[in-house]
Amino acid sequence: MIARAAWSWLLRLLLPLIFVRLWWRGRREPGYRLAWRERLGFGVTSTPGAVWLHAVSLGETRAASALIDALRARVPGMRILLTHGTATGREAGQALLRAGDHQCWLPYDTPGATRRFLQRHRPAVGVLMETEVWPNLLLQAHGCGVPMVLANARLSERSARKGERLSALIAPAARTLDLVLAQTRDDAARLSAAGAREVEVSGNLKFDMAPDAALIARGRRWRAALQRPVVMMASSREGEEPPLLQAWLAQPAPRPLLLLVPRHPQRFDTVAQIVRDAQMDLQRRSQWADAPPPGADAADVWLGDSLGEMPLYYAASDVALLGGSFAPLGGQNLIEAAACACPVVMGPHTFNFEQAADHAVTERAALRVADIDEGVVRAIELTRDALHAQWAERAAAFAQMHKGAAHRMAERIVRLAGARIGAQAADATRVGLAG
């Protein structure tokens, strides 16, 4: 109680600074300047009884698409209330909406904002994706009788150790969750230790994501038109590009084409300047139409400065270096690369996706190396390996083998709150027939 009160007052005091930061970020990502009132629990009211699903950012929103499809298959007519915390997540979420659905920002975790949000929308059930445990939000939902699920849940050992210092705040919130659907057994054990009561292992939704077939086909056309192999740095983070380029330039010519895709769009211009400062010839995807212009294949680096085209980039690449894994940042999701039949070379830091990374190595869909210097060497070697096609086949098989989490999670959510979901879906169907 004391910890939650302290958290609430701290957040209230910080709100002016948070809004200033949003406005600043909105210079490069205008989506952050949209609908600020929603972040305080105000805004347009949705139809009561929807399935509320919170996907904070782009990665969670993409994973949520598979769960939404599985839920719609079980409950036709179901309405969705989709909330986000980032501009890229909100933009991607628009493609998941149907008539009668609603989209807005998740309110900040103050008692007033979360209470207003729940009173305005009155969802049938709430589904939070991956790590989104907010103390006031969960307490208010519990008080309103809204069953809450943490889906595709993960908790690394490192995050669990940090969470122990905040157990007075986190444990009571975790206990209010009606159901936790964990990615792995290790995640489940750590989430139970953190306070969650009902925890089940359901797998990882990201295996159920279907890469856009049109983007994959375009990427393969790009690769077929090139006269040289392609190594991609996927979802690079701040501080990773300079050592990557240094290691890259240390390799003898002729080198493959380097396709560099930063994780955060606000860094596109910064990364472009880093490449130019390294005296490397650069081509930017944002300056093309559907295909690279004549002469683009002679560049040293292609910068993937676009959103929603990761399947295209993976399909155009022979090998992907996994961003976030060469510094202690926890790595990125390697499943999408595997689904596009792109083998992965990753560093030692993959604690955010530990089991998927370990399984990929065991099943020879990925390689683990000690640092970026070794990563660059092994990636280039792999493009020239006579067995490269087998690596690509194993990557695709790895992604296919672990599917099914969306079906399991949707079935469990409907079992938990099916009567509440079914009632609003029936009302929606009657309204549609009457119309």
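The values are calculated or read from the model by the stated rules, or taken from the named source; none is laboratory data. Everything numeric here is computed off the predicted structure, so don't read it as measured data. In this analysis, Cβ positions are derived from the backbone assuming ideal geometry, glycine residues included, and neighbour counts consider all displayed protein chains. Remember, those area values only see protein heavy atoms, side chains included, never the ligands or the DNA or RNA. Shrake-Rupley method; radii C 1.70, N 1.55, O 1.52, S 1.80 Å.
Values computed for the structure shown
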| item | result |
| --- | --- |
| Residue 54 long-range amide H proximity, modeled H, under 5 Å | 83, 127, 128, 129 |
| The chain - Debye-derived log10 I(q)/I(0), Cα point model, q = 0.08, 0.14 Å⁻¹ | -0.48, -1.33 |
| Protection proxy ranking of 84-96, 237-249, 30-42 - average other beta-carbon atoms within 10 Å, highest first | 84-96, 237-249, 30-42 |
| Kirkwood hydrodynamic radius (C-alpha pairs) into Stokes-Einstein, the stretch 241-285, 4 °C and 1.567 mPa s, D in µm²/s | 115 µm²/s |
| Separation of alpha-carbon centers, the stretch 91-123 and the stretch 252-294, rounded to whole Å | 37 Å |
| Mean Kyte hydropathy of 0.0 or more with a Cα span along the axis of at least 24 Å, helices from DSSP in the chain | 2-25, 58-74, 405-434 |
| Accessible-area composition of the chain, carbon plus sulfur, in percent [1.4 Å probe] | 55 percent |
| Ellipticity estimate at 222 nm from DSSP helix runs (n ≥ 4, -39,500 (n - 2.57)) divided over the chain, nearest 500 | -14500 deg cm²/dmol |
| Vicinal HN-Hα couplings computed from phi for the stretch 302-311 (Karplus, 6.51 cos²θ - 1.76 cosθ + 1.60; Hz; Gly/Pro x) | 9, 9, x, 9, 9, 10, x, 10, 4, x |
| Mean projected area in nm² (Cα convex hull; one quarter of hull surface) for the stretch 302-372 | 4.7 nm² |
| Alpha carbon Rg of the stretch 196-274, scaled by the compact-globule rule 2.2 N^0.38 Å | 1.53 |
| Inter-label distance for residue 364 and residue 210, nm, one decimal - labels placed 7 Å from Cα along Cα-to-Cβ | 3.1 nm |
| Stretch gain in nm, segment residue 24-residue 290, where the contour uses 0.36 nm per residue and the Cα spacing is subtracted | 92.6 nm |
| The stretch 104-202 - accessible surface per residue (Å², probe 1.4 Å) | 40 Å² |
| Whole-number D in µm²/s for the stretch 3-127 (Stokes-Einstein; Kirkwood sum over Cα pairs; 20 °C, 1.002 mPa s) | 141 µm²/s |
| For the stretch 235-388: accessible area per residue (Å², 1.4 Å) | 39 Å² |
| Residues with amide H under 5 Å from that of residue 368, placed H, sequence gap 5 or more | 346 |
| Residue with peak Gaussian network fluctuation, the chain [Cα springs, cutoff 10 Å], from 120, 98, 154 | 98 |
| Magnitude of the charge dipole, the stretch 201-261, Cβ model with Lys/Arg +1 and Asp/Glu -1, debye to 20 | 380 debye |
| Ordering of 12-22, 275-285, 395-405, 176-186 by burial proxy (mean other Cβ atoms within 10 Å per residue, highest first) | 176-186, 395-405, 275-285, 12-22 |
| Relative contact order computed over the stretch 309-359 (Cα-Cα under 8 Å; 6+ residues apart), in percent | 39 percent |
| Relative contact order %, the chain, counting alpha carbon pairs below 8 Å whose residues are six or more apart | 16 percent |
| Simple spin-label estimate for residue 192 and residue 390 in nanometres, 7 Å along Cα-Cβ | 4.0 nm |
| The stretch 81-92 - phi-based ³J(HN,Hα) in whole Hz, Karplus 6.51/-1.76/1.60, Gly and Pro as x | 10, 10, 10, 9, x, 10, 5, 5, x, 5, 5, 5 |
| Nonlocal amide H pairs with residue 321, under 5 Å, H built at 1.01 Å | 232, 233, 234, 345 |
| The chain: most fluctuating residue of 104, 144, 342 per GNM, C-alpha cutoff 10 Å | 144 |
